[in-house]
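Chemist: Would you mind keeping the following structure in view while I ask a few things?
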Amino acid sequence: MSTVTIAPLAESLPGFLDSYDFSAIAVIADNHTFRFCYPELKAFLPKHTLVRIKSGEEQKHITTCEMIWDALTRANFDRHALVLNLGGGVIGDMGGFCAATYKRGIAFAQLPTTLLSQVDASVGGKLGIDFRGFKNHIGVFQQPNAVLIDPTFLTTLPERELRSGFAEVIKHCLIADAAMWDEIRRRDLEEQNWSALVGHSVAIKQHIVDQDPTEKNIRKILNFGHTIGHAVETYYLTQPRKRLLHGEAIAVGMVAEAYIAYHKKMIDETLLTQIEEYIFAVYGNVRLLEDDTEPILALTLQDKKNRGREVRMALLDGPGSCTFDILVSASEMRKGLEFYRGLNK
């Protein structure tokens, strides 16, 4: 497992660079991080190559990777070079994937700038891109050389981005820390202690990933809310509506999958009600229509936890506890989505 450091870049980055003898350095940034975060990073870097891409999930595909690989090739990067991924989950996933596959793998470090990437996406070595509309469909497991988390970057985020990242904080509490779940659900979004929650989430994820680096068993619990959540997120990418951020879709997934766990008698009504009420209070209601149900269910068949055409979920089995490889039928998922829409409460 790579080293995760939570500190201002002025403290963490020079020491990291001094501990290696990199032949060259590239920074991958999007339009947002180039404007708000790169000026701070640049002050601590020697000569380097900047690779700037457009912002957004819709850029997370093979064509953008080709642009990144081309930039590294034109700069004559060899296998002793370093890639610094400055951004959120898209940059971390895609930049890491490009580094892990360029000349069969060069060093890279994650410099996460969003709450989502700081508490989840940058930790654990999952890298990849979307393919033909399917989320993270092509990718590899490869640990970064370091994860350098600077909490001050959170001050650059709009509230919607903070809210999106908070979904992964909620998930970590629900699957692994009942006491922290009880604490955060009693606070509004603006009352949360982000510095403490970043460290808390990183510790939970590191502990789980250390036991199962390539997601053969217990690491699957980190996907609670993601089978339906990823399907909802992918579906919305194809619709002419307002796009959902990752955490907004995962919030839908957590409510629906909590209902499935309740339906299977794995959790009680008290916990289901807590989850439903808190998530709706924080995220509001994503307007899912009846006609959306079957296309969303079809997308769950592409989930990476499945076996054959059987959908397998990570489901809660109590407050702060989760299990995995639970067989879930289309009928049960349909009921979960109906519960989210308020049809079977």
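The values are calculated or read from the model by the stated rules, or taken from the named source; none is laboratory data. All values derive from a computational prediction rather than experimental measurement. For neighbour counting, all protein chains shown are included, and Cβ atoms are generated from backbone atoms with ideal geometry for every residue, glycine included. Note: accessible area is taken over every heavy atom of the protein model, side chains too, but ligands, DNA and RNA are not part of it. Shrake-Rupley method; radii C 1.70, N 1.55, O 1.52, S 1.80 Å.
Chemist: Each residue of the range 103-112 in turn: what ³J(HN,Hα) in whole Hz from Karplus with 6.51, -1.76, 1.60 and θ = phi - 60°, glycine and Pro shown as x?
Modeler: These are the phi-based 3J(HN,Hα) values: 6, 6, x, 10, 5, 8, 10, 9, 10, x Hz.
Chemist: Using just the helices of the chain, give the 222 nm mean residue ellipticity in deg cm²/dmol: DSSP H runs with n ≥ 4 each add -39,500 (n - 2.57), and the total is spread over all residues, rounded to 500.
Modeler: On the way: 13 runs with 153 residues, N = 345.
Here the helix-only value at 222 nm equals -13500 deg cm²/dmol.
Chemist: How big is D for the range 121-163, in µm² s⁻¹ as a whole number, if Stokes-Einstein is applied with the Kirkwood radius of its Cα pairs at 10 °C and 1.306 mPa s? Each step should come with its number before you reach the end.
Modeler: Values: Rh = 12.7 Å.
Once the numbers are plugged in, D ends up at 125 µm²/s.
Chemist: Something else: Return the single residue from Thr33, Thr152, Thr270 with maximal mean-square fluctuation; model: Gaussian network over the chain, springs between Cα atoms under 10 Å.
Modeler: For the chain, modelled as a Gaussian network with Cα springs under 10 Å, the answer is Thr270.
Chemist: Please tell me the relative contact order of the range 176-292 in percent, rounded to the nearest whole number, where contacts are Cα pairs under 8 Å and at least six residues apart.
Modeler: 19 percent
Chemist: Kindly identify the range 160-273 as rounded, prolate or oblate by the Cα gyration tensor criterion: order the square roots of the eigenvalues as a ≥ b ≥ c, call it rounded if a/c is under 1.5, otherwise compare a/b with b/c, prolate if a/b is larger, else oblate. Intermediate values should be presented prior to the final figure.
Modeler: Values: a/c = 1.24, a/b = 1.15, b/c = 1.08.
It is rounded, given that a/c, with a ≥ b ≥ c, falls under 1.5.
Chemist: Can I ask one more? What is the Cα radius of gyration of the range 283-345 over 2.2 N^0.38 Å, N being its residue count? The partial results should precede the final answer.
Modeler: Working: Rg = 12.9 Å, N = 63, 2.2 N^0.38 = 10.6 Å.
Relative to the rule-of-thumb radius for its length, the range 283-345 sits at 1.21.
Chemist: Scan around Val27 for amide H atoms under 5 Å from its own, H built in the peptide plane at 1.01 Å from N, and keep only partners 5 or more places away or cross-chain.
Modeler: Thr49, Leu50, Val51, Leu84
Chemist: The range 1-110: which trypsin sites (Lys or Arg not before Pro) are DSSP loop and have at most 12 other beta-carbon atoms within 10 angstrom?
Modeler: Of the trypsin sites (Lys or Arg not before Pro), the ones in loops of the range 1-110 whose Cβ has at most 12 other Cβ atoms within 10 Å are Lys47, Lys54, Arg79.
Chemist: Which pairs, out of Lys135/Lys264; Lys220/Lys242; Lys216/Lys335; Lys126/Lys171, put more than 21 Å between their alpha-carbon atoms?
Modeler: Lys135/Lys264; Lys220/Lys242; Lys216/Lys335
Chemist: Please go through the range 119-168 and write out the trypsin sites (Lys or Arg not before Pro) that DSSP classes as loop and that have at most 11 other C-beta atoms within 10 Å.
Modeler: Arg132
Chemist: Return the percentage of antiparallel bridges among DSSP beta bridges fully within the chain, rounded to the nearest 5 %.
Modeler: Just about 35 percent of them are antiparallel.
Chemist: For the chain, what % of the accessible area comes from carbon and sulfur atoms, probe 1.4 Å? Please report the intermediate quantities before stating the final value.
Modeler: Details: 7250 of 14650 Å².
Solvent-exposed carbon and sulfur of the chain make up 49 percent of the total.
Chemist: Please work out the Cα convex hull volume for the range 1-153 and give it in Å³ per residue.
Modeler: That works out to 97 Å³ per residue.
Chemist: So which residue, out of Gln206, Gln239, Gln59, gets the largest mean-square fluctuation from a GNM of the chain using Cα contacts under 10 Å as springs?
Modeler: Greatest mean-square fluctuation among the candidates belongs to Gln239.
Chemist: From Cα pairs below 8 angstrom and at least 6 apart in sequence, can you work out the relative contact order of the chain, rounded to a whole percent?
Modeler: 15 percent
Chemist: Can you give the translational diffusion coefficient of the chain in µm²/s, computed by Stokes-Einstein from the Kirkwood radius over Cα pairs at 10 °C and 1.306 mPa s?
Modeler: My calculation gives 78 µm²/s for D.
Chemist: With a/c under 1.5 counting as rounded, go ahead and sort the range 25-66 into rounded, prolate or oblate using the C-alpha gyration tensor (a ≥ b ≥ c being the square roots of the eigenvalues; past the cut-off, prolate if a/b is larger than b/c, else oblate).
Modeler: Oblate, because a/c is 1.5 or more while a/b does not exceed b/c.
Chemist: Please list, in chain and number order, the residues 5+ apart from Thr3 or on another chain whose amide H is under 5 Å from its amide H, with Hs placed from the backbone.
Modeler: When sequence neighbours closer than 5 places are left aside, the close amide H contacts are Val147.
Chemist: Running a GNM on the chain with Cα contacts under 10 Å, which residue among Tyr278, Tyr259, Tyr20 ends up with the highest mean-square fluctuation?
Modeler: Highest fluctuation among the options: Tyr20.
Chemist: Classify the range 203-345 from the C-alpha gyration tensor, please: rounded if a/c falls under 1.5, else prolate or oblate depending on whether a/b exceeds b/c.
Modeler: rounded
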